[in-house]
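What follows is a set of notes on a single structure, which appears directly below.
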Amino acid sequence: MAATYDAIVVGGGHNGLVAAAYLARSGAKTVVLEGRYKTGGAATTEAPWPDAPEFQVTRLSYVMSLLPPTIIRELELERHGYKIYPMGPYYQAFREGGSIKLYADDAKRNHEEVSRWSKKDADAMPRWDAWLEGLADVLGPLLLTVPPNIGSRKPRDLAGTLKLAWSNRGLDVRTIADVTRLMTMSIADLLDDWFESPQVKGALAVNGVIGTWAGPYEPGTAYVMAHHSIGDVGDGHLGNWGFQEGGMGGVSSAIERAARSHGAEIRTNARVARLIIEGGQAAGVLLDDGEEIRARVVVSTLHPRTAFLEQVGAENLPDDFAADIERWKSRSGVVKINLALAELPDFIADPGSNLQEHHSGSVEMAPTIEYIEKAFQEARQGWPATRPFSDGVIPTAFDKALCPEGNHIMSLFTQWVPADWSEEPHTAELEAYADRMIDCYNELAPNFKSSILHRDIVGPYEMEHE
Ligand SMILES: Cc1cc2nc3c(=O)[nH]c(=O)nc-3n(C[C@H](O)[C@H](O)[C@H](O)COP(=O)(O)OP(=O)(O)OC[C@H]3O[C@@H](n4cnc5c(N)ncnc54)[C@H](O)[C@@H]3O)c2cc1C
């Protein structure tokens, strides 16, 4: 007889684990079905070098933010091992000489840093920060709000729309206009409105393109920046980013422990082949090995195309909905380059391979907006960036347990290669791309290349298939 639960969660990434924890906490008999050998999804810590298992890397995602404090509190994640080291400053060194550091919460030092590039921009920074904070007050709570069904005349939907309108009654015309413009504006245009220095604009453009198939001149990237700047969503504060102790897998483990503490069952190596649909409703799942598991509620955390078209089946869905999902476009040209280092980068602009503040935050390769744009345009035209953009971090600036003493881990989140590289491996081209990325850093810190002990290159195909 098929095992029966109140709720099945398909996928044991951090979202699936959070869903399971809440379901179990509310008393539902819940099981998580994870296809891989371990939970975590993209929030995972792994040892990618069999010859050097002492090096642990946060292989895909790499920094924490945007986890609502409400969830941290309600699931008591700190008790279950959630521990964040707040990141140091954003750091960019320049080939022409000099560097810039930007701090999440130190207006005085930001003024000093930005003044080195433009006095006018330094004076604009506090106004920019205040403006972003105003937007976060509006956007933060929205991220935890069920979207209203605008256009529906059902009483329940109308009530939902009115409730949202009422909760935003305090907003003025200017704030609403700013939020609306953000959705359609490019980060390059937005920054042009505020700043003049290419170095400062390059620094502030990073959040507009990170993880996005769009260069800084693309409409919508202004919103991407605002989204990433919100930080601690839910409670409406601008937040800092941070490193989880033990890498991003530590976040998943903490949530998994919380889910288990409420009685959720978590199964790995349990790949779901499809959902069982009866009378137009989900009634359970069928695993790859033929096992059937039944539940009144099935939550899927897989990509909507996989969930609806492959696992529910278009034949069980309204035609227009299935067509919308069929047309859903998600593209990425991200390559993760994880490095084991013998020593820290010794930057010409800020000499020394001893641990310094600029090693403790984001160590960027995004010197100007034009640099970032060129990397995107090349990928859009079908080849990998000649000089890629990178958001680099060195979590071992804080978390010494990830590698042997004296060594370091550096994680480079880089962009872009062509989006269709997700369809098949491009091993040799990825190696060459990684070489170029490393050369870019080596121009700024000449010990960089020779300090690399091991490297792990994860392209779009590997991300989707491993
Ligand atoms: C390279 C990279 C870097 C990123 N960096 C960051 C970052 O630094 N900070 C940040 O906040 N976000 C980052 N993100 C985004 C973040 O990782 C994702 O938003 C997050 O992982 C989504 O979590 P999820 O649980 O929804 O999905 P996933 O993490 O994708 O988890 C889905 C799970 O479902 C499992 N699964 C798939 N198919 C099946 C099946 N048929 N049956 C059962 N299980 C299945 C998978 O194995 C996986 O464990 C990054 C993403 C990538 C790809």
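Derivation of every value follows stated rules applied to the coordinates shown; laboratory data play no part. Only a predicted model underlies this, so the values are computations on that prediction, with no experimental measurement involved. Using ideal geometry, Cβ is built from the backbone for each residue, glycine included, and neighbour counts are taken over all protein chains shown.
Points worth noting:
- For region 342-466, diffusion coefficient by Stokes-Einstein and Kirkwood Rh (Cα), 10 °C, 1.306 mPa s, µm²/s: 103 µm²/s
- Note, ³J(HN,Hα) from phi for region 143-148, Karplus 6.51, -1.76, 1.60, rounded to Hz, x at Gly and Pro: 5, 9, 9, 5, x, x
- Each Cα pair under 8 Å and six or more residues apart adds its sequence gap; the mean of these over the residue count of the chain is a relative contact order of 23 percent.
- Amide H to amide H distances under 5 Å link Ala273 with Leu286, Leu287, Asp288, where only residues 5 or more positions off or on other chains count and H is placed in the peptide plane.
- Our summary of shape: the Cα atoms of region 395-466 have principal axis extents of 39, 28, 17 Å, ordered from largest down, in whole angstrom.
- Less than 5 angstrom separates the built amide H of Trp416 from those of Ala385, Phe389, all sequence-distant by 5 or more or on a different chain.
- Note on region 102-229: dipole from Cβ charges, positive end direction compared against Ile150, Thr212, Trp117; the farthest Cα belongs to Ile150.
- Exposure proxy ranking for Phe347, Phe398, based on other Cβ atoms within 10 angstrom of each Cβ and starting from the fewest, stands as Phe398, Phe347.
- Residues whose amide H comes within less than 5 Å of that of Lys29, counting only those at least five positions distant or on another chain, are Asp6, Ala7 (H built at 1.01 Å from N in the peptide plane).
- Residue by residue, region 424-434 carries 3J(HN,Hα) couplings of 8, x, 10, 4, 5, 5, 5, 4, 5, 4, 5 Hz when phi is fed to the Karplus relation 6.51 cos²θ - 1.76 cosθ + 1.60 (θ = phi - 60°); x denotes Gly or Pro.
- Here is how the number arises for the chain: DSSP H runs of 4 or more residues each give -39500 (n - 2.57), the sum is divided by the residue count, and the result at 222 nm is -11000 deg cm²/dmol.
- Lysine pairs with alpha-carbon atoms under 21 Å apart, region 102-229, spacing 8 or more or separate chains: 6
- Region 37-59 and region 69-120 have their alpha-carbon centroids 26 Å apart.
- D by Stokes-Einstein for region 102-229, Kirkwood Rh over Cα pairs, 37 °C, 0.692 mPa s: 203 µm²/s.
- Restricting region 1-102 to GluC sites (Glu not before Pro) that sit in a DSSP loop and have at most 10 other Cβ atoms within 10 Å of their own Cβ leaves Glu96.
- Cα pair distances exceeding 17 angstrom across region 1-82, given as percent: 58 percent
- Over the chain, the fraction of Cα-Cα pairs per 10 Å bin, rounded to whole percents and listed from the shortest bin up, is 4, 18, 28, 28, 16, 5, 1, 0.
- For region 40-125, alpha-carbon Rg relative to the globular expectation (2.2 N^0.38 Å, N residues): 1.56
- 22 Å Cα-Cα reach of Lys83 towards lysines, excluding residues that sit fewer than 8 places from it in its own chain: Lys38, Lys400
- Each other residue within a Cβ distance under 13 Å of Tyr62 adds +1 if Lys or Arg and -1 if Asp or Glu, for a net charge of -2.
- Normalised per residue, the volume of the convex hull around the Cα set of region 312-379 (Å³): 189 Å³
- Percent antiparallel among DSSP beta bridges (both partners in the chain, rounded to 5): 70 percent
- Within-11-Å neighbourhood charge of Asn447 [Cβ basis; K, R +1; D, E -1]: -1
- Förster radius 41 Å - calculated FRET efficiency between Lys83 and Asp319 (Cβ-Cβ, nearest 0.05): 0.25
- For Ile150, net neighbour charge (Lys/Arg +1, Asp/Glu -1) across residues whose Cβ lies under 15 Å away: +3
- Applying the Karplus relation 6.51 cos²θ - 1.76 cosθ + 1.60 with θ = phi - 60° to region 286-303 yields 3J(HN,Hα) values of 10, 7, 3, 7, x, 5, 10, 10, 10, 6, 6, 10, 10, 9, 10, 10, 7, 3 Hz, where x marks Gly and Pro.
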